Amino acid sequence: MYLTLTAGADLAAETEVRRSRFLAIVRRVEDEEQARALVDEMRRRHRDARHHCTAFVVGPVPSVERSNDDGEPGGTAGAPMLEVLRGHQLSDVAAVVVRWFGGIKLGTGGLARAYAGAVQEALADAQFVRRRELGRFELSLAHADAGRVEAELRAHGVQVLGVDYASLATLQMVAADRAALVAQIAALTGGAAEPVQVGTTWIDDIL
């Protein structure tokens, strides 16, 4: 379980520090490939900028974390940006800060504050979601029992994705607690049926 951003439009913020302009873009991504695609996109879009510094975190814990200073002094750009993402406990998120140099050097402390502040500003109005991993289960029942069992499971908060009708009716479900699901189904079927886990899936809960 971890926090991320809602899918959709990029978060953006533009700041100016001693004539240098900083444009921060933060985007939800599904994997490292999408994170690197955002970096490439910003490089193409803003070819006139001197620096395109980056940070991203992807995947559940332990997450993949990367940062890049893109020519700024070591540790003054990508690492502070990454710390902002960590501070919000985010994953599946990539950030790029584009800098147009204004002719005045900011020093290492000034650079770190400027890059971190740009990402923080972009996240100021973010909508966060909690990602949870649920088990996917199948349950085969006689047609005569399927409707009753499905209704009871739904009434007790089990998410039923659908029912396939063949020689038996097969319910597709997701649940966070396998043991609790097994116990519910045993109670509903007199112990005659047990769900089979067929995989996992991730869902988003808006906070």
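The values are calculated or read from the model by the stated rules, or taken from the named source; none is laboratory data. The structure presented is a predicted model; accordingly, all values stated were derived computationally and were not measured. SASA here: full protein model, heavy atoms, side chains in, ligands and nucleic acids out. Shrake-Rupley method; radii C 1.70, N 1.55, O 1.52, S 1.80 Å.
As I understand it, the value is the acute angle between the Cα axis of helix 143-155 and the longest principal axis of the Cα atoms of the chain; what does it come to in degrees, rounded to 10?
That works out to roughly 50 degrees.
Here are a few candidate values for Cα extents along the principal axes in Å: [x] 77, 28, 25; [y] 44, 42, 30; [z] 45, 38, 32. Which one was actually calculated from the structure I just gave you?
Computing Cα extents along the principal axes in Å and matching it to [x] 77, 28, 25; [y] 44, 42, 30; [z] 45, 38, 32 gives [x].
Of the accessible area of the range 6-47, with the probe set at 1.4 angstrom, what percent is carbon plus sulfur?
The computed percentage sits at 41.
Would you work out what percent of the accessible area of the range 66-200, with all protein chains in place, is carbon or sulfur (probe 1.4 Å)?
Of all accessible area on the range 66-200, carbon and sulfur atoms account for 48 percent.
Percent relative contact order of the chain, based on C-alpha pairs within less than 8 angstrom and at least six residues apart?
Once normalised by length, the contact order is 23 percent.
Can you tell me the accessible area per residue over the range 130-173, all protein chains present, probe 1.4 angstrom, in square angstrom?
The answer is 54 Å² per residue.
Each residue of the range 92-104 in turn: what ³J(HN,Hα) in whole Hz from Karplus with 6.51, -1.76, 1.60 and θ = phi - 60°, glycine and Pro shown as x?
For the range 92-104, the Karplus-derived couplings read 6, 9, 10, 10, 10, 10, 9, 10, 9, 5, x, x, 10 Hz, x marking Gly and Pro.
Explain nothing, just compute: Karplus ³J(HN,Hα) = 6.51 cos²θ - 1.76 cosθ + 1.60, θ = phi - 60°, for every residue of the range 54-71 in order, whole Hz, x for Gly and Pro.
9, 7, 8, 9, 9, x, x, 5, x, 8, 8, 10, 9, 8, 8, 8, 6, x
Given a 1.4 Å probe, how much area per residue of the range 73-123 is accessible, in Å²?
Here the residues of the range 73-123 average 36 Å² of exposed surface.
How would the range 1-53 be classified by its alpha-carbon gyration tensor: rounded, prolate or oblate, with rounded meaning a/c under 1.5 and the a/b versus b/c comparison settling the rest?
Judged from the Cα gyration tensor, the range 1-53 comes out oblate (a/c at least 1.5, b/c at or above a/b).
Calculate one ³J(HN,Hα) per residue across the range 171-176 by plugging θ = phi - 60° into the Karplus curve 6.51 cos²θ - 1.76 cosθ + 1.60, and present them in order as whole Hz with x for glycine and proline.
In residue order, the calculated couplings are 8, 9, 9, 10, 7, 7 Hz.
Kindly identify the range 157-207 as rounded, prolate or oblate by the Cα gyration tensor criterion: order the square roots of the eigenvalues as a ≥ b ≥ c, call it rounded if a/c is under 1.5, otherwise compare a/b with b/c, prolate if a/b is larger, else oblate.
oblate
Mind listing the long-range amide H neighbours of residue 5? Cut-off is under 5 Å, sequence gap 5 or more, other chains count too, H placed in the peptide plane at 1.01 Å from N.
Counting only residues 5 or more places away or on other chains, the set is 129.
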